[in-house]
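Chemist: Questions regarding the structure given below will be posed in turn.
The values are calculated or read from the model by the stated rules, or taken from the named source; none is laboratory data. Since this is a predicted model, take the numbers as computed values, not measurements. With ideal geometry, Cβ positions are generated from the backbone for all residues, glycine too; neighbour counts draw on all protein chains shown. Just so you know, the surface numbers come from the protein's heavy atoms only, side chains and all, with ligands and any DNA or RNA stripped out. Shrake-Rupley method; radii C 1.70, N 1.55, O 1.52, S 1.80 Å.
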Amino acid sequence: MAALHRFGSLCGRGVKPILLSKSALIRPLLSTNRTQQPPFLLGSQIRMSPVHNASSSASFHWTLERSLSLALLGMIPAAYVYPGAVMDYSLAAALTLHGHWGLGQVVIDYVHGDAKVKAAKAALFVLSATTFAGLCYFNYHDVGICRAVAMLWSL
């Protein structure tokens, strides 16, 4: 920490920007004497592996999950007020995607081993596709999701 603080005082930045900036990790650590001599190298360059937008894609996925959850909060009352084919198919897609992402997190958290993870993800994909196909079939050949829920509430 003392070396970071000294390095920060040499650069005129302080400690906090050094710890948070990516470029500070790439620069070599330099030290100067109090006299006007040129700086000399104290350590080697720290190499970081290249990032392939993994952080931004994870952040985007997290934002999509939260946006879908908020959209579902608005779609459920709207489906009661305005039932119809568009709302039925929108609910089928949104509920299937919401369930797929939620169960995908369960697979990531609790399934270990390469073969088991691949099998669990394949099973989840089949389950999600079957769920969406079943809801679309129900919407087309029966009363639809909105009217079915209204019929359940009228019992």
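Chemist: β-branched (Val, Ile, Thr) and open to solvent by less than 40 Å² (accessible area, probe 1.4 Å) - does that describe any residue in the stretch 131-149?
Modeler: Yes, the stretch 131-149 has at least one match.
Here's the yes/no breakdown for (1) in a helix (DSSP H, G or I); (2) more than 21 Å from the chain's Cα centre (by Cα); (3) among the small types (Gly, Ala, Ser):
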| residue | (1), (2), (3) |
| --- | --- |
| ALA71 | yes, no, yes |
| MET87 | yes, yes, no |
| LEU97 | yes, no, no |
| VAL107 | yes, no, no |
| LEU124 | yes, no, no |
| ALA129 | yes, yes, yes |
| LEU152 | yes, yes, no |
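Chemist: Scan the stretch 67-96 and report the pairs whose first residue is under 19 Å from VAL143 (Cα atoms) and whose second residue is of a type in the set (D, E, K, R), with Cβ atoms within less than 9 Å and a gap of 6+ or a chain change.
Modeler: That search, which allows pairs on different chains as well, returns ALA79/ASP88; PRO83/ARG147; ASP88/ARG147.
Chemist: How do the pairs read when you match residues in the stretch 110-126 that are farther than 24 Å from ALA93 by Cα with residues anywhere that are basic (Lys, Arg) and exposed (fewer than 10 other Cβ atoms within 10 Å of the Cβ), using Cβ under 6 Å and keeping only pairs 6 or more apart or on different chains?
Modeler: Correct list of pairs: empty, since none qualify.
Chemist: Now for a different question. How many residues, within the stretch 84-107, are in contact with a helix residue (DSSP H, G or I) (Cβ under 8 Å, 6 or more places away or on another chain) and exposed (fewer than 15 other Cβ atoms within 10 Å of the Cβ)?
Modeler: 3
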